[in-house]
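What follows draws every value from the coordinates through simple rules; no lab data is involved. Remember, predicted model here, so these are calculated numbers, not experimental data. Cβ sites come from the backbone with ideal geometry, for glycine too, and all protein chains shown count toward neighbours.
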Amino acid sequence: MSPTLIIVLLSMLLGIQPVATDLYLPALPAIKAEFGAELSQVQLTLSALLLAFGTSQLVWGPLSDRFGRRPILLCGLATFTMAGLGCVLASSMQELIVWRALQGAAMGAVVMCARAIVRDLYTPETGAGVMSKALTGLAILACASAPLGGLLTDLLSWHAALGLVMGFGAIALALVAWKFKETMHRKNPRALHLKVLATTWWNILRHPTFVAFSSVSICSYGALFTFLASSSFVFIDLLGLARWQYSLLLFTMAFTYLLGTMLCRRLLARFGVAQTVAIGGAFSLVGGCFMALNTWLNWQSVAGMMGPFYLFILAHGIHQPCGQSGAVGPFPKAAGAASALGGFLMMVTAFATGLWLGAAKDGSAMPMVQSIAFWSVLTALSAWVLVLRRGGPRV
C-alpha cells in the first residue's frame, strides 16, 4: 500500500467514530421529542455505543493479534453497516439503544485495528506524525458530519442522519475489501490463550509508558465526551440556538481540532513528543478552567463557553495523536491488545462521565463545564507529571 493510501484508509477507519457520533448529535432533541423519552434515555444512545465500543476492543484486540487486521476489519465494518440499518428502522428508544450498542461493538474492531496498524508499520516516534495526519482526515470527516446531520434532520428526519452513518460504514467496508493489505507480518498463534492474554494485559497495564500516554488521551477524551453528550441540550435548549447554528458550532469545533493535528506535527518536529504533549497540557488547562470560570461568573453565552473550549480542542488535536501512538509504542508484538486496552479504558471513562452527567443535570450548563474543567486539570497533570517526566515514548 502507498503512503497516501495508508493515510486515507486510517482516516476513514479512525473517522468512523466521529461519523457515528457527530452526525446524529444535532438530531438528539428530535429523537427525544419523537419517542417522548427522558434526557437520560437519549444520552444512553451515545453512552451505550461508547461503552460497547470500549468493551468490545478487549475481544477484538487479541483476535486481531491472532488472525490479523484484515479479517477483523471486514467483520467489524460489515456488522457496523448492518447495525446502522437497524438504527434507521428503529421504532422505539429501546430498539435504538440496542442497535447503537451493537454498532459501537463493531466500531471497536475498526478503530482498534487502525491504531494497531500504525504500530505494525511505524516506529513510535514516526507513528505520532502518521497518526496526526490520519487524525487530520478524521477532523475533516468530523467537520462535515455535524452540518450534514443537522441538514438531514431538518429536511428529512433523524432517520436520514443515521442512514448516512450506515452509508459511511458500507463505503469503508468496500474500500477495505478492495484495497487493504494485511499489515501484521507475524500472527501470534497463542494470542487467545487465557494465560498468555492475562500476562500480556498485565504487562501492558503496568508499563509506565502506556500509563503515561494513555492517561493523556483518556483524560482529554473525557472532556470531549462531556461536550458531545451535553452540548446539544445546552446550546439548543438552554441558549436557544437553532439546529443549523448548533451544527455550525460543531463544524468550527472540528475545524479547530483539525488545526490542532496540524500544529501537533509542527511541534513534534521542533520539540519532540514529550515537550509537545506538555505544551498541549497547558492549552488544555487554560481552556477548560476558563470555560468553567466564565460560566461561574454568569457569562453564560456561546462566546463565553466556546472561546475557551476552542483552546481545549486545539490541545485535543495534539494529545490524541501523541497519546494513542505513544501508548501502543512499546508493544510491537501485542499492538492489538495494547490498542484494545487503551480504547477500553477511554470508553469506560466516557461511560462513567455520561452517568455522572445524567445524575447531575439541573437545567443549567454547570454540569457540563464542571466536568470539562475536571478533565482539563487531569489532562495537564498527566502531560506534565507522567509524560514529561518520561521524556517521550520508549520501546
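Quick look at the numbers
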quantity	calculated
Two-decimal Rg/Rh across region 236-395, once Rg and the Kirkwood Rh are taken from alpha-carbon atoms	1.00
Ascending count of other beta-carbon atoms within 10 Å, so fewest first, for S92, S157, S214, S231	S92, S157, S231, S214
Taking only Cα atoms of the chain, radius of gyration then Dmax in Å	19.5, 59
Whole-Å semi-axes of region 167-317's equivalent ellipsoid (Cα gyration tensor)	35, 22, 17
Cα-Cα P(r), region 181-221, percent of pairs per 5 Å interval	5, 19, 16, 16, 19, 18, 6, 0
Paramagnetic reach from L74 (point 7 Å along Cα→Cβ, amide N under 16 Å) across region 178-196	178-184
Share of Cα-Cα pairs in region 175-258 lying beyond 21 Å, as whole percent	63
Efficiency of FRET from Cβ geometry, V385 and A359, R₀ 22 Å, rounded to 0.05	0.15
Estimated D of region 42-188 in µm² per second, where Rh is the Kirkwood radius over Cα pairs and Stokes-Einstein applies at 37 °C, 0.692 mPa s	203
Cα gyration tensor shape of region 145-208, rounded if a/c is under 1.5, else prolate or oblate by comparing a/b with b/c	prolate
Region 1-58: translational diffusion in µm²/s, Stokes-Einstein, Kirkwood Rh over Cα pairs, 37 °C, 0.692 mPa s	245
Ranked I218, I140, criterion: other C-beta atoms within 10 Å, fewest first	I140, I218
Cα gyration tensor shape of region 1-122, rounded if a/c is under 1.5, else prolate or oblate by comparing a/b with b/c	prolate
Column: log10 I(q)/I(0), Debye, Cα scatterers of region 106-237, q = 0.19 Å⁻¹	-1.40
Student exercise, the chain dipole from Lys, Arg, Asp, Glu Cβ charges, in Debye to nearest 20	1600
